[in-house]
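Chemist: Handing you a structure now.
The values are calculated or read from the model by the stated rules, or taken from the named source; none is laboratory data. The shown structure was predicted, so the numbers you read here are calculated from the model rather than taken from an experiment. Note that each Cβ is placed from the backbone with ideal geometry, even for glycine, and that neighbours are counted across all protein chains shown. SASA here: full protein model, heavy atoms, side chains in, ligands and nucleic acids out. Shrake-Rupley method; radii C 1.70, N 1.55, O 1.52, S 1.80 Å.
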Amino acid sequence: MHRLQRTLAVVFAVAWAAACDPDALLGPDAPQGIEGIALRGPVCPVVSDDSKCADQPHQAWIVIEDASGRRIVRLQTGEDGRFRVGLAAAAYRIVPESGDPFPVGSDQIVEVEPGEFTQIIVSFDTGIR
C-alpha cells in the first residue's frame, strides 16, 4: 500500500470515528466528498512575490459542519497535510482548529456535488511577518 494510501486510510478512520452525523458521512468508497490539503504560511519572514518560501503542509484538526452548523465530522489531516472524506451532496462549512495563538485557520463554505470530490486548500496563518 502506498504511503499516501496509508495516510488517507488513517485520516478516514479518524474521521469515521469522530463522526457526529452518520447520514452525511459516507464510507471510504464514496463517489463524492471533500479532499484537500492544509497549508501553513508564511514560514519565512519578509516574504515577497519572487520568494522561494512556499507555504508548508500542516497536520491539523478540521471540523466539517452542515449548513445549520451541526458537526458532521472532526478529522485530522495526515503529516503531509492531506485529507479526504466522503460526504453526501450538500453545502458544508470547513472549520480549521487554530493554534494558541498561531497558526490561525480560516473557515470556508464548500459545496459537494453528486459524483465529485471538491478540491480545497485549508489555509493557516502562522503570524510570521
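Chemist: Once the piece of chain linking GLN119 and ALA67 is laid out straight, how much longer is it, given 0.36 nm per residue of separation minus the C-alpha distance between them?
Modeler: Extra length available between GLN119 and ALA67 comes to 16.9 nm.
Chemist: How far apart, in nm, are the 7 Å Cα→Cβ label points at GLU111 and ALA90?
Modeler: Output for this residue pair reads 1.7 nm.
Chemist: Taking the highest mean first, how do the peptides 68-78, 27-37, 110-120, 84-94 order by number of other beta carbon atoms within 10 angstrom per residue?
Modeler: Values: 68-78: 17.5, 27-37: 15.7, 110-120: 13.7, 84-94: 19.1.
Per-residue Cβ counts within 10 Å, averaged per peptide and sorted highest first, yield 84-94, 68-78, 27-37, 110-120.
Chemist: Same structure, new question: Ignoring any ligand, DNA or RNA, what whole percent of the accessible area of the range 36-92 comes from carbon and sulfur when the probe is 1.4 angstrom?
Modeler: 46 percent
Chemist: May I pose another question? Beyond 22 Å, how much of the Cα-Cα pair distribution for the range 36-129 remains, as a whole percent?
Modeler: 31 percent
Chemist: In addition: What distance in nm separates the two pseudo spin-label positions at GLN56 and ASP29, each 7 Å out from Cα along the beta-carbon direction?
Modeler: Using points 7 Å along Cα→Cβ, the separation is 3.9 nm.
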